[in-house]
Structures are given as structure tokens and as C-alpha cells.
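Participant: Sharing a structure below in C-alpha cells format, with a few things to ask.
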Amino acid sequence: MRACGTSGASVTVRVPAKVNVQLAVGAARPDGFHDLANVFLAVGLYDEVTAVPADSLRITAEGHDVDQIPLDRTNLAARAAELLAARHGIEPHVHLHIAKDIPVAGGMAGGSADAAGALLACDTLWSTGASREELLEICAELGSDVPFSLVGGAALGRGRGELLTPLPVGGAFHWVFAVADGGLSTPAVYREFDRLTEGTQVPAPEADPELLAALESGDATALAAALANDLQPAALSLRPALTATLDAGTAAGALAALVSGSGPTTAFLVKDAQAAQQVAAALLDSGTCRAVRVADSPAPGATLA
């Protein structure tokens, strides 16, 4: 292994959260994964990952709920640095500092975002010259949501979510996100999905043409009518209290409500920025969530700050 060349004292990358406006889940495959039709939409809540030269690989973090994330080599950001370094024959000597604003274990791909951010930051810091295709290959090795965190915007994810097709979006969509107490394990939610669907014929996942058309036209009302998440029954089974949060947001005027990904964050599509503030205030007053966040979409993927 050789030492890393560096292109500067530090590199910071900003990377967005995501919401799944459609998450169609197929039956479990022999490898334990599920085929998906996963319509990703990046939203304007961001983590920042800063890479600084160091004598060894080190992870630090600040921000919301950082006591819940690992600060060792099991962190996806650390794994991203190691995989990139191994491909280019260098030592992964870097200090990665994560400034978290995306809810932790909330179904918004915060860990995946950090991995994508670390990958781009280290690629820039070390001047590896990796192609976009190589970075996406490493992202797919890291996890199903990581490629989209790098790309951002809107995309249809096939396979287990890592095979991306960019999607056109015709306007801005406004969201409110309700943050629940504690997280939900994505593998646990998929196991509950398998339990709930045991003995049934799970259809092959397909993207909804009406939802794709709503995205392309920028029609929030049409998008609201088409939002769907096959993991929502499993998430509600594991965390029944989320039903009250969904009901509170809908009662406050949200166009639609759903569990974000594997949860437990809940997402509320609203008609405009004013409605977002009204729904956010009502959710806080309802006492059914710990915090609320307001964001627009689509948002760019991992970007040098």
C-alpha cells in the first residue's frame, strides 16, 4: 500500500436525505434481498461529510442523535473510504467528520448519504481519478440506497434498489417530516414484511405509471394520490404509534401521508410552503412525534461544498 496523495487540506461534501414516493417490494430472493421498484426523491435535508488527511482512519460526528451511530469501521462512511482506498492501492488514512442533519435510523437514508458523501470526499482528497461508474459500483457494494445518495434528484431503483434510472421532475414538491422517538431497523422491517406476507402471492414490483407522470408534471395532488409504500404495514406493525402521527398530519391538511422507507420517520406531502409550516406546527402540537422538519424536493445528490 502507498500513502495517499491529497489535493488540499480538507474536502467537504453535502449529501441529501431521500423519501420513497413509491416503494414496491417483491418476495424475498434466495440471497435474502427483495426485488424493488423504488422511486427515490432527494429532499433538502443534508448531512455534510468532511475528509481531512490523518495518520489512520478515524470517524467523528456532531448533530442530531449522533450517539446512535457507530464511530468505528462499521460506519458506512468508513467502509466507503476503505473500499475506495483498496481499489487504488492506498492506505485509508483519513479523518471523516460527519455533521448530521438527516434523522438517524429514520428511513431517510442517512447512513447511505454519509457513505456517498465520504466516497466523493475521499475521491477528491486523494485525487484517485475514479470514474462516475466506479463510484457507483462502490456505492452498490456498500448498500442499496447509497447509489441514489450519490446521484440525487429523482430515480427509479430496480434490483434491490441499486440499479438506477433517472426520472424527470416537473416542479418542486413540499414536504414535512415527523421524527419519531428511536429508530427502526431496516432488516427488522423487511423481516416483518416477510412475516405479514407469508403464504400470499407477492406480486412482482413495478413502478406506477401514474406516479411517474405526476412527478414529471410537477402535480402535487396527483402525486399525493399515487404515493405508496409496501413496507408501511410492517413498520406500523412494529411501531403502532406511527398511525397517530399519520392521522395528525392528514387532519392538519397534508395532501398525503406515508411512512418514509422503512420508517419510523413519517412523510407528509403538502401543497406549498405555507401549508408546510401549518402542518409542521400541528404535528408538533399533536404530541405524536419528537420533532418536525420541512424540506423541498428534488435536491441534488452528493456535491462538493
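The values are calculated or read from the model by the stated rules, or taken from the named source; none is laboratory data. Quantities reported herein were computed from a predicted structural model and do not represent experimental measurements. Cβ coordinates were reconstructed from backbone atoms using ideal geometry, including for glycine residues, and neighbour counts include every protein chain displayed.
Participant: Do you know which residues across region 284-296 are within 22 Å of the chain's Cα centre (by Cα) and of a type outside the set (Gly, Ala, Ser)? Reasoning before the result, please.
Facilitator: Of the residues in region 284-296, the ones within 22 Å of the chain's Cα centre (by Cα) are 289-296.
Residues satisfying the conditions are Cys289, Arg290, Val292, Arg293, Val294, Asp296.
Participant: Ok, one more. Answer yes or no as to whether Ala86 is surrounded by fewer than 20 Cβ atoms within 10 Å (Cβ to Cβ) and either over 30 Å from Ala180 (Cα atoms) or assigned by TED's automatic domain parsing to the domain that holds Ala291 (or both). Spell out the reasoning first.
Facilitator: Numbers: surrounded by fewer than 20 Cβ atoms within 10 Å (Cβ to Cβ): yes; either over 30 Å from Ala180 (Cα atoms) or assigned by TED's automatic domain parsing to the domain that holds Ala291 (or both): yes.
For Ala86, the condition - surrounded by fewer than 20 Cβ atoms within 10 Å (Cβ to Cβ) and either over 30 Å from Ala180 (Cα atoms) or assigned by TED's automatic domain parsing to the domain that holds Ala291 (or both) - is met.
Participant: To continue, here is another question. Take the residues in region 85-105 that are under 21 Å from the mean Cα position of the chain (by Cα) and of a type outside the set (Gly, Ala, Ser), then tell me which one is farthest from Ala295 (Cα to Cα).
Facilitator: Here the residue is Leu96.
One line per residue, one yes/no per condition, for (1) under 27 Å from Thr50 (Cβ atoms); (2) at pLDDT 95 or above; (3) not hydrophobic (A, V, I, L, M, F, W, C):
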| position | (1), (2), (3) |
| --- | --- |
| Ala256 | no, yes, no |
| Asp272 | no, yes, yes |
| Gln278 | no, yes, yes |
| Ala281 | no, yes, no |
| Pro298 | yes, yes, yes |
| Leu304 | yes, yes, no |
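Participant: So, Leu125, is that one farther than 20 Å from Phe268 by Cα, among the hydrophobic types (A, V, I, L, M, F, W, C) and either crowded, with 21+ Cβ neighbours inside 10 Å or not assigned by TED's automatic domain parsing to the domain that holds Pro103 (or both) or not? Give the steps one after another, and end with the answer.
Facilitator: Working: farther than 20 Å from Phe268 by Cα: yes; among the hydrophobic types (A, V, I, L, M, F, W, C): yes; either crowded, with 21+ Cβ neighbours inside 10 Å or not assigned by TED's automatic domain parsing to the domain that holds Pro103 (or both): yes.
Considered against the rule, which asks whether it is farther than 20 Å from Phe268 by Cα, among the hydrophobic types (A, V, I, L, M, F, W, C) and either crowded, with 21+ Cβ neighbours inside 10 Å or not assigned by TED's automatic domain parsing to the domain that holds Pro103 (or both), Leu125 comes out as yes.
Participant: Keeping to region 148-164, report how many residues are free of Cβ contacts under 8 Å to residues at least 60 places away in the same chain and surrounded by fewer than 20 Cβ atoms within 10 Å (Cβ to Cβ).
Facilitator: 1
Participant: Sticking with this one: Give the residue, chosen from Ala254, Ala305, Ala248, that is surrounded by fewer than 23 Cβ atoms within 10 Å (Cβ to Cβ) and of a type in the set (Gly, Ala, Ser).
Facilitator: Within the list Ala254, Ala305, Ala248, the selection yields Ala305.
Participant: Let me ask something additional. List every residue pair whose Cβ atoms sit under 8 Å apart, with the two residues 6 or more apart in sequence or on different chains, where the first one lies in region 165-192 and is touching a residue at least 24 places away in the same chain (Cβ under 8 Å) and the second, anywhere, is of a type in the set (D, E, K, R) and in a strand (DSSP E or B).
Facilitator: Close Cβ pairs (under 8 Å, with a partner that is of a type in the set (D, E, K, R) and in a strand (DSSP E or B)) amount to Ala172/Asp296; Phe173/Asp296; His174/Asp296; Trp175/Asp296; Val176/Arg293; Phe177/Arg293; Val179/Arg293.
Participant: Another question about this same structure. Can you find a residue in region 182-195 that is touching a strand residue (DSSP E or B) at 6+ places or on another chain (Cβ under 8 Å) and β-branched (Val, Ile, Thr)? I'd like the intermediate steps shown before the answer.
Facilitator: Step one: filter region 182-195 for residues touching a strand residue (DSSP E or B) at 6+ places or on another chain (Cβ under 8 Å), giving 190, 193-194.
Within this subset, residues satisfying the condition of being β-branched (Val, Ile, Thr) are none.
Scanning region 182-195 turns up no residue that is touching a strand residue (DSSP E or B) at 6+ places or on another chain (Cβ under 8 Å) and β-branched (Val, Ile, Thr).
Participant: May I pose another question? Would you kindly identify the helices (runs of 4 or more DSSP H) lying entirely within region 187-305 that contain at least 1 residues that are in contact with a Cys (Cβ under 7 Å, 6 or more places away or on another chain), outside the structural domain of Ala155 (by TED's automatic domain parsing) and among the hydroxyl-bearing types (Ser, Thr, Tyr)?
Facilitator: Filter on region 187-305 gives 242-251.
Participant: Condition (residue is in a strand (DSSP E or B) and out of contact with any helix residue (DSSP H, G or I) (no Cβ under 7 Å at 6 or more places or on another chain)) applied to region 62-77: is it met by at least one residue?
Facilitator: Yes, some residue in region 62-77 is in a strand (DSSP E or B) and out of contact with any helix residue (DSSP H, G or I) (no Cβ under 7 Å at 6 or more places or on another chain).
Participant: When you scan region 41-60, how many residues do you find that are within 27 Å of Ala207 (Cα to Cα) and either hydrophobic (A, V, I, L, M, F, W, C) or not in a strand (DSSP E or B) (or both)?
Facilitator: Result for region 41-60: 4.
Participant: Got at least one residue in region 47-62 being out of contact with any Leu (no Cβ under 9 Å at 6 or more places or on another chain) and either surrounded by 22 or more Cβ atoms within 10 Å (Cβ to Cβ) or closer than 30 Å to Ala214 by Cβ (or both)?
Facilitator: Looking for residues that are out of contact with any Leu (no Cβ under 9 Å at 6 or more places or on another chain) and either surrounded by 22 or more Cβ atoms within 10 Å (Cβ to Cβ) or closer than 30 Å to Ala214 by Cβ (or both), one finds at least one in region 47-62, hence yes.
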